[in-house]
Every structure is written in C-alpha cells, then in structure tokens.
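Okay, structure first, notes after.
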Amino acid sequence: MSFADLHLSDELLRAVTDSGYNDPTPIQRQAIPHVLMGRDIIGVAQTGTGKTASFVLPMIDILASGRSRARMPRSLIIAPTRELADQVAENFVKYGKYHKLTMALLIGGVGFGDQDKALAKGVDVLIATPGRLMDQFERGKILLSGVDILVIDEADRMLDMGFIPDVEKICSKINPNRQTLLFSATMPPPIKKLADRFMREPRVIEVARPASTNASITQSLVETTSRGKRETLRKLLGDEAVQSAIVFCNRKREVKELADSLKRSGFRVGQIHGDMEQPERMATLERFKKDEINILVASDVAARGLDIKGVSHVFNFDTPHHAEDYVHRIGRTGRAGRTGTAVTLVTSEDAENLAEIEKLIGQKIPRAGKTAPTPAAEAPAEAEAAAPETAPRSARRRGGSRRGAAPREEAAEAAPVAKEQAEESPREERVAAREEAPREPRRAEPRRDEPRRDEARRDEPRHDERPRRDERGGRDRDRDRGPRRDYRERDEPAIGPGFGSDDAIPAFLRQSTRD
C-alpha cells in the first residue's frame, strides 16, 4: 500500500513525496482512513513508527476547507514537552507547504507578544503544551469553543508529568461534538479512563503490543561499576560505528557533569535538560541535527517524540527509574525503518529497575559482558571533578598523600583535619584534654600588710546599711544632705542653738522627772 491508496489530496501527496516517503507505516495505514472519516481514535504503537504523521496528514486535508476566526483555533494539538510540540509544528510546515493553513505554537520559555498576535489573527492549527495553553486561556487571549479536532499526543507522558488534570480541564471547555485523537506508546489504566470519559466510541488501533520495543533496534547491557561508568562510556563512544548518539541520564545535574567530562576528553558534545532556556535547547537540537555535534547528553525531556534522523546509538548512562522511559529512550534510534543500537550501562544497584524493564518489554536484554576500566585511565582533573565540591580534602585524597609532596605540605593538610576531628569529639573528651593541658601561672596575691586596690572601698557603707525611709514614709533628709554624722563619737559636748555651757541650761531642764 502507498500513500496514494489512503485517499489523500494531490497537494499532500506531493509534499509527502518531497519529504522522501513512499510507503506508509502500519500505524499510518490504519489510522489515516479513520481520521478522514471523522472517527475518534486511540492509537497505540511503539515510538518511532510515524504516529505524528498519522494525524498530521489527514488533519491538513480536513482543515483545507474553511477559514479561521480571531482567537478561536479550529484544531488543537496538546503535546507534553516543548521539543515535541515544536516537532509537530515542523511536520505541519513540511507536509502543509502546498496548503494555505495558519498555525500557532504556544510553548513556555518564550514571550507572549508574538503568540498573542498570532492568536488575534486566528489560526487553523494550534499546537501547545498544557501549561502555556492554560495561561493564555486564563488571560482571555483564546477561546476553545471553536475547536473541532483535538489531538492528545504522548498521553502516557502527560500522565507522568502531572498534566492529566489540565488535560481534563481543557477537554471540558472544548466543543463536545469534536473529533478526538489520542496517541501513545503505552496505555496505562488512567489514560484508558481519560479516553472513556472524553471520547465517543473510539476505534482502538494497536499495531504492536503496548510497551514493546522496535525490532530494528539491537539492545544490549554492559556491566560496570559506579566509579567506572564514565570511562566505560568513553570507550563505547570511541567506536567507529558510533556516528551520532544520545546519552540519557536520570538527573539534570548528571547531564551537565557528564557533558563537561566528555568535552574534556575531546568529544563533540551538547547537552539538553529541563533547566535550560527554551532558545538554548532549540539551538542545541539544531546543532545536533546539522552534525555540528554528534553526541547529545540529555535528560528524559528528550526521550519522547523527538524525531532526529541518523541517530545510530542510544546509551543509557543511568538505568531509568520507570520502565516505560526505557521504551521511549531507545526509540530515538532505529526510526523510519532504519536500524539502531541501544546500550545500557548497569551496576549492581540497578538490578530492581532492570527487572522491571525486562518484565515490561517481555524479553531478556542480552548481556555484552563486564567492562572494568583501568585505574590509570582516569585523569587527575577528571577525578578531581568527579569528587563533590563540598567534600573535605581528606576525602578526595583518601588514597594517601600526593606523589612527591613535601612533608611540610602533608603537615599543612593534616592540620585542618585534626581541627575538624577535635570539633567533632565529644564534650567530655574536650574538657578532659583542656584539664590535662598545662596551665598558665596565676598572678601572685598581694601580702596582707600591703594595701589592696579595693582597700578604700571597705569604709563605704553597704547597700543594706544605707539610710532607709522612716516609718512615716517621708524622705530621709540626712541622706539628701550628705554622709550621716554620729555625734556620740565626739569628745566635746553637743552645743545646741542658744546654749553655751552647762550653767546656761535652765534649771527645769536639769530637773529629774522621777520623784
């Protein structure tokens, strides 16, 4: 069967021929006629079998008649990642070059200005990621009531990324009489429930068992160790058969570190992960397509839907945590009928993840043997970069002092280590060490007959001997006037006002009050 047998328009067949395709893939042969008839479809096929063209080609012919209205797109395609959305847009440009259809791409990481202008004019095809689509809808820049065709691409990836609530909200705002097309490489139960809720008697097209791998991809496992994974990968990448390769890592930080390591070894390497800005990610993919770089170190952001021709190898530097990701990763090679090679580096810690992968794909992955890198293969700079920056110097040089280091340098390096050990020792040990340490001689005490520095303060009255308020609560005038004087300690008699001597004292005052 050829594309001409699928009842596509002449303009579309000419564009397909210009792209170099003659025969449709199994998913295209079964899906395109049903899409042209307006039926809902659930397409399940392994990655790399042409699922994108199976809905892009018939949509172009359906949308060829009719015109768009401002802020009301006629069709909507939801993709989980920016790269996949951009790839779908490229397919519309490639296959629709003989049609006058307008298109808009709504993805994060770029400004709203150009997107707002495109929506204001009206578009026939709107391709968007769920997050940016909801942003534009909440800003009042788009109306979804005019959507007649809805496509949910890579639906299982939507589930993994947590987009299913957004997809459900989007489906509830679209014309209920729409045509819905759902495509995925796997079909977990939540996606099946989503299809039952928002689709009308869908036709299930399953050209291969769900989660099966492409038969044109040669798979193998290479056993290694955690310390030797980078050297093992360098040996594999140095093979002449590796023309271009994608290396997948589980963590974004590992992507950057591995890319820098391979660059220092002389490889033409680029990197792509979720923390990069969108223009930078697109520029890296473009360099990889133009063969300016032949090795792309990536996270799982590049594992779904990317169609890059000529990728000869896929290396799993880290065994994926989710078995479904293995199917999507190795699907970046062996596309469109070509052959490819997928190699996974495994350690003793990957036994559980590997068992889940083999259970999902229904086959045992052949073992290629164990590779043990030589210790001298690691350059000193490489070992230094592999050590954590926050680790103490003693941990990075656990094997001993550097060759040729002077004793003075070893003593200098041992000093901060001894200080750290002292800080980490228990409190009782530090107290005991402080007591055993020699103490400084105490200052000699002054002799008793020598005047002390605080001798003058002894005569000052203490706080509890100072005058207090009298019983009536009045103020003590003696305290206000100054120090208290005790006349009983004087030798001369007290002289009151008007009294000069005892003879001058009146007789009635000297008279006793007793009988």
Per the filter on region 258-286, residues surrounded by fewer than 17 Cβ atoms within 10 Å (Cβ to Cβ) and of a type outside the set (Lys, Arg) are Asp260, Ser265, Gly266, Gly274, Asp275, Glu277, Gln278, Pro279, Glu280, Ala283, Glu286
Region 246-267, residues that are assigned to a helix (DSSP H, G or I), among the charged types (D, E, K, R) and within 17 Å of the chain's Cα centre (by Cα): Lys252, Arg253, Glu254, Lys256, Glu257
For region 254-273, indicate whether the set of residues that are at positive phi and of a type in the set (Gly, Ala, Ser) is non-empty. yes
Scan region 168-177 for residues that are surrounded by 21 or more Cβ atoms within 10 Å (Cβ to Cβ) and either assigned to a loop (DSSP other than H, G, I, E, B) or outside the structural domain of Asp196 (by TED's automatic domain parsing) (or both) and jot them down. none
Of the residues Ala185, Ala208, Ala215, which is in contact with a Ser or Thr (Cβ under 6 Å, 6 or more places away or on another chain), at pLDDT below 85 and of a type in the set (A, V, I, L, M, F, W, C)? Ala185
Residue in region 140-162 that is surrounded by the fewest Cβ atoms within 10 Å (Cβ to Cβ), counting only those that are touching a residue at least 12 places away in the same chain (Cβ under 8 Å) and either of a type in the set (S, T, N, Q) or more than 25 Å from Leu63 (Cβ to Cβ) (or both): Ser145
Among what's in region 79-105 and is of a type outside the set (Lys, Arg) and part of a loop (DSSP other than H, G, I, E, B), pick the residue that is farthest from Ala128 (Cα to Cα). Tyr98
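Looking at region 224-231, can you tell me whether even one residue there is in a strand (DSSP E or B) and in contact with a helix residue (DSSP H, G or I) (Cβ under 7 Å, 6 or more places away or on another chain)?
Here is the first cut: in region 224-231, the residues in a strand (DSSP E or B) are none.
Within region 224-231 (the criterion being in a strand (DSSP E or B) and in contact with a helix residue (DSSP H, G or I) (Cβ under 7 Å, 6 or more places away or on another chain)), the answer is no, since none of the residues qualifies.
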Just one of the numbered conditions (1) under 18 Å from Glu154 (Cα atoms); (2) modelled with pLDDT under 95; (3) of a type in the set (A, V, I, L, M); (4) touching a Leu at 6+ places or on another chain (Cβ under 6 Å) is not true of Met72; which one? (1)
Can you name the condition, by its number, that Val110 falls short on among (1) in contact (Cβ under 8 Å) with a residue 12 or more places away in the chain; (2) within 23 Å of the chain's Cα centre (by Cα); (3) closer than 24 Å to Met187 by Cα? (3)
When residues of region 307-321 are limited to those that are at pLDDT below 85 and not aliphatic (A, V, I, L, M), the one farthest from Met282 (Cα to Cα): Gly310
Restricting the search to region 151-183, which residues are under 21 Å from Leu36 (Cβ atoms) and not aliphatic (A, V, I, L, M)? Asp153, Asn175, Asn177, Arg178, Gln179, Thr180, Phe183
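The values are calculated or read from the model by the stated rules, or taken from the named source; none is laboratory data. These figures come from a predicted structure and were not determined experimentally. When we count neighbours, we look across all protein chains shown, and the Cβ atoms used for this are built from the backbone with ideal geometry, even at glycine.
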